[in-house]
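This report refers to the structure that appears directly beneath it.
FYI, it's all coordinate maths here, none of it is from the lab. Quick caveat, the model's predicted, so the values are computed rather than measured. All Cβ positions, even for glycine, are placed from backbone atoms using ideal geometry, and neighbour counts span all protein chains on display.
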Amino acid sequence: MTSKELNQLLVTHFPELKKDYESEIAWQDGDDTGSHIVYGDILYPYMVYLISTKNNMELKKVFNFIETVLSCDDSYASEVISLSLLEGFDHILFETPEIFELLGSNTKKEIRQRNGEQGEG
């Protein structure tokens, strides 16, 4: 999957982020802006906001999206999710462990692998 495809996937699933997305890419490479930047600068803060406002319904939608991306079995897409979203997520899970229950099995597996743990979702 290319950056452009992965970025468009985000905007398609979350049209409410389109304004932030357009602002982010306007001074960079347009839709070809690296997805690490887009996901780290747009989706990650959105996730943190949803957690802070306890909007679990919308947060579940984000986690379902992450699960879908991880299910694509695309190395670039998985790398973006892992490094740009989940890498900074450990402290949030530690502070709000109930969020872990909203995650899909692929996401839980990815987090466990990042932390050197074994086992399935």
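Calculated [222 nm] ellipticity per residue, helices only, for the chain: -16500 deg cm²/dmol; basis is -39500 (n - 2.57) per DSSP H run with n ≥ 4, divided by all residues, nearest 500. Of all the options E24, E95, E79, the one that moves most in a Gaussian network model of the chain with Cα springs shorter than 10 angstrom is E95. From the list [x] 55, 35, 22; [y] 39, 32, 20; [z] 40, 30, 24, can you say which value of Cα extents along the principal axes in Å was derived from the structure given? Answer by label: [y]. Relative contact order for segment 39-107: 42 percent, from Cα pairs under 8 Å spaced at least 6 residues apart, divided by residue count.
Among K108, K19, K60, the largest mean-square fluctuation in a Gaussian network model of the chain, built with springs joining Cα atoms closer than 10 Å, belongs to K19. Select from D29, D20, D90 the residue whose mean-square fluctuation is largest in a Gaussian network model of the chain (Cα-Cα springs shorter than 10 Å). Comparing D29, D20, D90 in a Gaussian network model of the chain, the most mobile one is D29. Rounded to whole numbers, the Karplus 3J(HN,Hα) couplings from phi for segment 101-108 are 5, 7, 6, x, 5, 5, 5, 4 Hz, using 6.51 cos²θ - 1.76 cosθ + 1.60 with θ = phi - 60°, and x at Gly and Pro. Among the chymotrypsin sites (Phe, Trp or Tyr not before Pro) within segment 16-103, those in coil by DSSP and having at most 14 neighbouring Cβ atoms inside 10 Å are W27.
Working from Cα pairs under 8 Å separated by at least six residues, relative contact order for the chain is 23 percent.
When only alpha carbons are used to place a centre, segment 91-105 and segment 31-62 end up 15 Å from one another.
Taking the chain as the region of interest, the number of lysine pairs whose Cα atoms are within less than 17 Å, with members eight or more places apart or on different chains, is 6. The mean sequence separation of alpha-carbon pairs under 8 Å and at least six residues apart, normalised by the residue count of segment 1-58, gives a relative contact order of 36 percent.
Summing charges over neighbours of D32, with a neighbour being any other residue whose Cβ is under 11 Å away from its Cβ, gives -2 when K and R count +1 and D and E count -1. Each of C72, G104, H36 was placed along the dipole of segment 3-114 (beta-carbon charges, centred on the mean Cα), and the one lying farthest toward the positive end is G104.
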